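Here's the structure, in structure tokens; my notes come after.
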Amino acid sequence: MKFNIVLIEPEIPNNTGNIGRLSLASGSNLHLVKPFGFELTDSKLKRAGLDYWKHISVNIYENIEEFYAKNKDAEMVYLSSHATKYYDTIDYKDNMFLVFGKESSGLPKEITEKNKDKLYKIPIHSDHIRSLNLANAVGIVVYNGLTK
């Protein structure tokens with residue numbers, strides 16, 4: 001089984017580099033939706049992705065509208081700390097799109113409001129933490145799906 005990992009407006013090059021590496025290791029495709037908080041030529045992005053970056057299947061979109069237009073029939077689930085269902089209840093399917101928001105604020109509210117039935121979260125057991133690191137969250141969700 002392989003997945004499509006989607007990052008909506010990623011801000012931190014190290015996270016995106018690590019997620020790129022994870023996408024290659026898991027056989028997944030990476031989808032990056034602009035605007036980014038960095039340039040794709042950023043050395044931190046390349047360092048985090050090591051020499052694997054050239055092998056990663058990356059799709060880049062100018063905005064969220066282009067992403068949805070090109071993937072209109074795709075099955076998608078959305079990851080958000082505001083969800084009520086947990087990630088381990090996702091009915092994973094081959095080529096499913098796993099959609100994650102940006103590091104500072106997560107998914108845009110219009111996306112979470114429109115997709116409440118497809119919204120999942122990773123449990124956090126501390127009131128002192130709002131969310132997990134994006135690269136860690138992607139790793140948890142992707143590898144959970146690979147073991148189903």
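Given the condition over 14 Å from the mean Cα position of the chain (by Cα), of a type in the set (A, V, I, L, M, F, W, C), under 20 Å from Leu32 (Cα atoms) and part of a loop (DSSP other than H, G, I, E, B), answer yes or no: does some residue in segment 74-93 qualify? Yes, segment 74-93 contains a residue that is over 14 Å from the mean Cα position of the chain (by Cα), of a type in the set (A, V, I, L, M, F, W, C), under 20 Å from Leu32 (Cα atoms) and part of a loop (DSSP other than H, G, I, E, B). Scanning segment 129-148 for residues that are modelled with pLDDT of 95 or more and either over 23 Å from Arg21 (Cα atoms) or surrounded by 17 or more Cβ atoms within 10 Å (Cβ to Cβ) (or both) gives Leu134, Ala135, Ala137, Val138, Gly139, Val141, Val142, Gly145. Taking the numbered list (1) touching an Asp or Glu at 6+ places or on another chain (Cβ under 6 Å); (2) loosely packed, with under 13 Cβ neighbours inside 10 Å in turn, Ala69 passes all entries but (1). In the set (1) at pLDDT below 95; (2) surrounded by 15 or more Cβ atoms within 10 Å (Cβ to Cβ), the condition left unmet by Ile64 is number (1).
Taking each residue of segment 22-43 that is basic (Lys, Arg) and looking for partners that are in a loop (DSSP other than H, G, I, E, B) with beta-carbon atoms closer than 6 Å, six or more apart or interchain, yields Lys34/Glu62. If the condition is being surrounded by 17 or more Cβ atoms within 10 Å (Cβ to Cβ) and of a type in the set (A, V, I, L, M), then segment 91-128 contributes Met96, Leu98, Val99, Leu107, Ile111, Leu119, Ile122.
The values are calculated or read from the model by the stated rules, or taken from the named source; none is laboratory data. These numbers come from a predicted model, not from an experiment. Here the Cβ is made from the backbone with ideal geometry for all residues, glycine too, and neighbour counts use every protein chain on show.
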